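Here the structure comes first, spelled out in structure tokens, and everything after it is commentary.
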Amino acid sequence: MAVSYFLCPQSLRVSSGSRLCISHSGYSWDINKKKTHHLVYASTNKQGKGLCLESKFQTLLDSVKWDDKGLAVAIAQNVDTGAILMQGFANRDAVATAISSQKATFYSRSRSMLWTKGETSNNFINIHDIFFDCDRDSIIYLGKPDGPTCHTGSETCYYTSVFDLKEHQQVEGDKLALSTLYSLESTISQRKTELAAEQNGKPSWTKRLLLDSKLLCSKIREEADELCRTLEENEDKSRTASEMADVLYHAMVLLASKDVKIEDVMQVLRQRFSQSGVEEKRGRISQG
């Protein structure tokens, strides 16, 4: 069903003549009280009253270069880690459903039907935003997964490295397609796991830090001071980048020692985007 949108006080009219109400609850209903997935979220005021806005959603979908079967590539990406989770296909209804449900929804070519990631495993991908590329032939579902994305139990569906095969490297288990920051976290985690094994020879610097909390904390303070000095002494950009790299590394070793993932930190940062620093500080004080 094609959806056309017009500015109106309480509802949106669709081409069939029925009306859709937009409310802060995130659901839409027709005049017969039947739930429908054709919904574009509108902003709500502080009183929680539904607001209707003229939408460019239809125009946007019209601009997508759907293939001869009405499909486009849809990619799910972790909003915090940046990891590519999976790839599927979506049609207009899949995108509309993803918007209304805020769950990554695709179109199954083999079953000729919509399907939501997690509908059997409960490992949903909770959508925070949806992006279309510049050529309008692919879609990104930017979201937060509830659990492993791949049916194999892996965090993502991408864990086979072509370059490892090229170099004839033997990789034990899955090697996820990680960004630089998360590759570092993975290496630190591996060093922590190795601590339980019998130590042969001199331990690596990372292991030394994991074994000595006083040394670790002194290094974080030292590196943070050196970073600040690059500003105070007007040092060049490369020096600042180098010192920040040292701060990040040592701070991530501390996170690993506390069993805190960098993803947890990114989530906290994301949640603060719409909150002022003063409000955030007051919240921490009230909780303390």
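The values are calculated or read from the model by the stated rules, or taken from the named source; none is laboratory data. Quick caveat, the model's predicted, so the values are computed rather than measured. No Cβ is skipped: glycine too gets one built from the backbone with ideal geometry, and neighbour counts run over all protein chains shown. In case anyone asks, the SASA skips ligands and DNA or RNA and just uses the protein heavy atoms, side chains included. Shrake-Rupley method; radii C 1.70, N 1.55, O 1.52, S 1.80 Å.
Scan region 72-101 for residues that are part of a loop (DSSP other than H, G, I, E, B) and at pLDDT 95 or above and the total you get is 1.
So is Thr152 polar (S, T, N, Q) and loosely packed, with under 12 Cβ neighbours inside 10 Å or not? So Thr152 passes the test.
Restricting region 214-246 to residues that are acidic (Asp, Glu) and part of a loop (DSSP other than H, G, I, E, B), the residue that is most open to solvent (accessible area, probe 1.4 Å) is Glu233. Within region 232-250, one or more residues are among the acidic types (Asp, Glu) and under 30 Å from the mean Cα position of the chain (by Cα). All of Val79, Val64, Val73 fail the test of being in contact (Cβ under 8 Å) with a residue 60 or more places away in the chain, of a type outside the set (Lys, Arg) and surrounded by fewer than 18 Cβ atoms within 10 Å (Cβ to Cβ), apart from Val73. Of the residues screened, Cys157 is one that is in contact with a Cys (Cβ under 7 Å, 6 or more places away or on another chain), at pLDDT 90 or above and open to solvent by 30 Å² or more (accessible area, probe 1.4 Å). May I ask you to verify whether Leu114 is touching a strand residue (DSSP E or B) at 6+ places or on another chain (Cβ under 8 Å), closer than 15 Å to Pro148 by Cβ, in a strand (DSSP E or B) and not polar (S, T, N, Q)? Here the answer is no, as Leu114 does not meet what is asked. Given (1) at pLDDT 90 or above; (2) open to solvent by 90 Å² or more (accessible area, probe 1.4 Å), where does Val265 come up short, assuming only one miss? Only one criterion is unmet by Val265, namely (2).
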